[in-house]
Amino acid sequence: MKQVWYVDDSSAVGSLARVKKWWEYLQANGPDFGYCPKPTKTILLTKDSSQMQVTQKIFKGDGIKITDQGERFLGSVIGTDSFREQYIKNKFESWVKDLQSLSKYAQDDPQAAYPAFTKGLSSRWTLFQKTVPDASELFEPLENVIRDQLIPALVGREVSDAERQILALHLRHCGLGLTDPRETAKMEYEHSNQITNKLTAKIYTQKLDLDYNPSDQQFTRHTKNRIRQKKNAKTSVMNFW
């Protein structure tokens, strides 16, 4: 598994020295616990580009990739604004091309293209939506292809705004599950934050318990159930009548 270390205070050599010490500790003690860190899958991302030479000197010979630009990680991206923008641009260009290809295929075989979208292609940006804030506007090009190319190919004609909303509903609510990625982007990010905020706070403050205690587990289950109920209410066909 890839691991990315983000050194925010890299202007202080002491911060890098602590990271170096932690890396040596992991290499020495990690295998005893079944954790074997691999240099080829380890990326050190430093915020201050002026410290690149110092960083490279401290970690010389370790085989760790060192960068001051950015890195893809867990379906998202961290790094400079320019790196993030380019990464996102490349992602969306790829998704748009795939949607356009699927739309052409749907003209001849809509029954095969439909599950290819709902069970396959649409899931490719779900994790991205969960981890990138304020991404709704980025999905406008995708929605344009879904609305203007894919849906007409699936149903045989163009649809109105009201019909588009109904088609976005879940099957149990008389829709087709052809979700609008602009709508799901904001919702997925908010829900992800709600589910993980307690664990995130523990990691951020470095106040980790030895175990993820029962109260934390109960909070996570309760939050997931509440979100599931909210989704069902939001996508109910009754909202359109």
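What follows is calculated from the coordinates using simple rules that are stated; it is not laboratory data. Small disclaimer: the values here were computed from a predicted structure and weren't measured. Quick reminder, even Gly has a Cβ in these numbers, built from the backbone with ideal geometry, and neighbours come from all protein chains shown.
At-a-glance table
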item	result
Breaking point among (1) assigned to a helix (DSSP H, G or I); (2) closer than 26 Å to Arg84 by Cβ; (3) without any contact (Cβ under 8 Å) to a residue 40 or more places away in the chain, for Trp23	(3)
Helices (runs of 4 or more DSSP H) contained in region 112-193 and holding at least 2 residues out of contact with any Pro (no Cβ under 9 Å at 6 or more places or on another chain) and among the β-branched types (Val, Ile, Thr)	126-131
Restricting region 117-146 to residues that are surrounded by fewer than 18 Cβ atoms within 10 Å (Cβ to Cβ) and basic (Lys, Arg), the residue that is nearest to Val77 (Cα to Cα)	Arg124
Cross-chain or 6+ apart pairs with Cβ under 7 Å, region 139-167 first and free of Cβ contacts under 8 Å to residues at least 60 places away in the same chain, then of a type in the set (Asp, Glu) and crowded, with 17+ Cβ neighbours inside 10 Å	Glu143/Asp180
Breaking point among (1) touching a His at 6+ places or on another chain (Cβ under 8 Å); (2) farther than 21 Å from Pro115 by Cα; (3) of a type outside the set (D, E, K, R), for Gly177	(2)
Residue list for region 74-89, restricted to those being out of contact with any Phe, Trp or Tyr (no Cβ under 9 Å at 6 or more places or on another chain) and closer than 29 Å to Val19 by Cβ	Leu74, Thr80, Asp81, Ser82, Phe83, Arg84, Glu85, Gln86, Tyr87
